[in-house]
1. For segment 44-150, run through the GluC sites (Glu not before Pro) and keep only the ones in DSSP coil with at most 11 other Cβ atoms within 10 Å of their Cβ.
2. Go ahead and collect, in residue order, the members of segment 53-80 whose backbone nitrogen is under 12 Å from a label point 7 Å along the Cα-Cβ direction of Arg134.
3. I'd like the FRET efficiency for Ser59 and Lys81, computed as 1/(1 + (r/R0)^6) with the beta carbon distance as r and R0 of 35 Å, rounded to 0.05.
4. Could you give the angle, 0 to 90 degrees to the nearest 10, between helix 200-211's Cα long axis and the longest principal axis of the Cα atoms of the chain?
5. For a test of the definition: using alpha carbon positions, the gyration tensor, and the 1.5 limit on a/c, classify segment 172-248 as rounded, prolate or oblate.
6. Give me the number: length gained by fully extending Thr37 to Ile200, i.e. 0.36 nm times residue separation minus the C-alpha to C-alpha distance, one decimal in nm.
7. In whole Å, what is the distance between the alpha-carbon centres of segment 55-87 and segment 139-163?
8. Extending each Cα 7 Å along its Cβ direction at Cys93 and Ile217, get the distance between those two points in nm, one decimal.
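Here, each number is a calculation from the coordinates, and none is a lab measurement. The shown structure was predicted, so the numbers you read here are calculated from the model rather than taken from an experiment. Cβ placement follows ideal geometry from the backbone for every residue including glycine, while neighbour counts extend to all protein chains displayed.
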Amino acid sequence: MKRNLSIILPLLILVTLLQGCTCCVTKATGQKALSFTGVVHKRVEIDYLLHIPESYNTSKTAAPLLLFLHGAGERGSDLKKVAPHGPPARIACGEWDYPFIVVTPQCPADAWWTDSLMTDTLEALLDDLEKSYRIDKNRVYVTGLSMGGFGTWRLATENPERFAAIAPICGGGDPFHAKRIKDLPIWTFHGAKDDVVPIIATQAMVDALEKVGSEVIFTVYPETGHDSWVEAYDNPELYEWLLEQKRK
């Protein structure tokens, strides 16, 4: 008889506790369903390189803007680090003859372009530039390599209506949000032999975009590793394609 009690009593206690919890959940006494709306102010700061084309000074028309996001190795507080690749490298070498205002911000050493704070910072930077210069808001583009490629995907899915086109290189995004940018002109690049950011990172985005009806362009360099940005940014067709795109 003692053995039976030792088994039954704990079971009775457990059942009682469960009944009590169910009662609390179902009745939800003394609680109200409410909502809150407020404004959160953030102080953001970022250093950047700025290129103003000669055509801007000789014309009164608004200029297209190209935002370039560098890779992880160029993070820090020395702006010289962001110049060796992409559009700023071509500008520095005198190999640039396009009408873009080119903006090259530098990501802090302890941050990533995909961080929410950095996305907010880039948005605020674009807002400030559009107030300070004659910028065609229907021709704002963003491109980036590696970490900057990830940042390009993130920035576009966060605010797709802001951009006329994007060109992410050897980066990846969240395929779940592909539907947000299905109508945005996209030309993306990746090296098939990339062992830093595997090509599947871009392929997953392309597959998701095609499923929702996007006409995304995907260029694969069969013999190229992680530095696919060299071939991509050396291709004048990329810049000509960007200039042809306008925000709908």
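1. Glu45, Glu95
2. 55-64
3. Step by step, r from the Cβ atoms, then E = 0.60.
4. The answer is roughly 90 degrees.
5. Oblate, because a/c is 1.5 or more while a/b does not exceed b/c.
6. 54.7 nm
7. With segment 55-87 and segment 139-163 each reduced to a Cα centre, they are spaced 14 Å.
8. The answer from the label model is 2.1 nm.
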